[in-house]
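Colleague: This is the structure, below, for whatever I ask next.
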Amino acid sequence: MFYSSVIADYNHDGLAREFCGKAHEIVEMHGKVHANYGLPESGALISSLREFDIPLPPDDLIMGVPESWFDKQLRQKLSWVMGKAPQHVVIIGYSFAQMGSGYDDEVTREFFIQKFRHYPGAILVINPDPTQLCEMLSDELKINTVYPIKQYWNVLAHAYLETLRCKDKFRSLEHAYGFLYDRHGSDQAFLAPMLD
């Protein structure tokens, strides 16, 4: 629902490509888990296979392990994404996975800092607790235009769609967010509304 953009997707579910791939360039930075693994039958099969020591074929997933500077495919994706000249940067829920004094996503973090140091535009961080990430980015990027948006993405996205669908129901996006959060909390999975 926004101008055609590049979305660097660090989730593994493939939903960004499925729902936004026609309007935006989606780069699945850490790979995607095939949807069939989510089927109940697959869960039962995977559980039964745990008894055997069957090696898994190589894939492009980065899951539960730190990024590596030796991962050529990741560096190519990062070079392509960071080669763009965005008017706005929005980080949704991403924290660079801080682990002790380091970061699981150190390669992404370093590419991001190099690209956006002294960035003249705004960087928005949408996160239930954005303070630490905003402070780190502001310090590392040497800018004071990193803005926290303390909200849950699932509720905010649904509030946005609801304000489009029911224009007279809510006074503002903030009002819609507050209404939905008060009614459903932060763990609600919302169905996508049909837009006219």
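Colleague: Give me the one-decimal nm value for the distance between modelled label points at Val6 and Phe19, 7 Å along each residue's Cα-to-Cβ direction.
Modeller: Roughly 2.3 nm, to one decimal.
Colleague: Stretch Phe52-Gln87 to full length: gain in nm at 0.36 nm per residue minus the Cα-Cα span?
Modeller: 7.5 nm
Colleague: For segment 128-196, what does the accessible surface come to per residue with a 1.4 Å probe? Please give it in Å².
Modeller: 68
Colleague: State whether segment 71-131 is rounded, prolate or oblate according to the following rule on the C-alpha gyration tensor (a ≥ b ≥ c being the square roots of its eigenvalues): a/c under 1.5 gives rounded; otherwise a/b larger than b/c gives prolate, and the remaining case gives oblate.
Modeller: oblate
Colleague: Quick one: ranking Phe96, Phe111 by accessible area, 1.4 Å probe, largest first, what do you get?
Modeller: Phe111, Phe96
Colleague: Mind checking the full-extension length gain between Lys169 and Trp153? Use 0.36 nm per residue of separation minus the Cα-Cα distance, one decimal, nm.
Modeller: Residue separation times 0.36 nm, minus the Cα-Cα distance, leaves 3.7 nm.
Colleague: If you stretched the chain out fully between Gln73 and Arg183, how much longer would it get, using 0.36 nm times the residue separation minus the C-alpha to C-alpha distance?
Modeller: 35.3 nm
Colleague: Magnitude of the Cβ-charge dipole of segment 73-139, K/R +1 and D/E -1, about the Cα centre, nearest 20 debye?
Modeller: It comes to approximately 400 debye.
Colleague: Ser95: accessible area at probe 1.4 Å, nearest 10 Å²?
Modeller: In the full protein context, Ser95 sits at about 60 Å².
Colleague: Now for a different question. Could you pull out every residue, at least 5 positions away or on a different chain, whose amide H is within less than 5 Å of the one on Val125? Hs are placed 1.01 Å off N in the peptide plane, and Pro or chain starts have none.
Modeller: Distant-sequence amide H within range of Val125: Ile91, Tyr147, Ile149.
The values are calculated or read from the model by the stated rules, or taken from the named source; none is laboratory data. Values in this document were obtained by computation on a predicted structure and should not be read as measured data. Note that each Cβ is placed from the backbone with ideal geometry, even for glycine, and that neighbours are counted across all protein chains shown. For accessibility, only protein heavy atoms count, side chains too; no ligands or nucleic acids. Shrake-Rupley method; radii C 1.70, N 1.55, O 1.52, S 1.80 Å.
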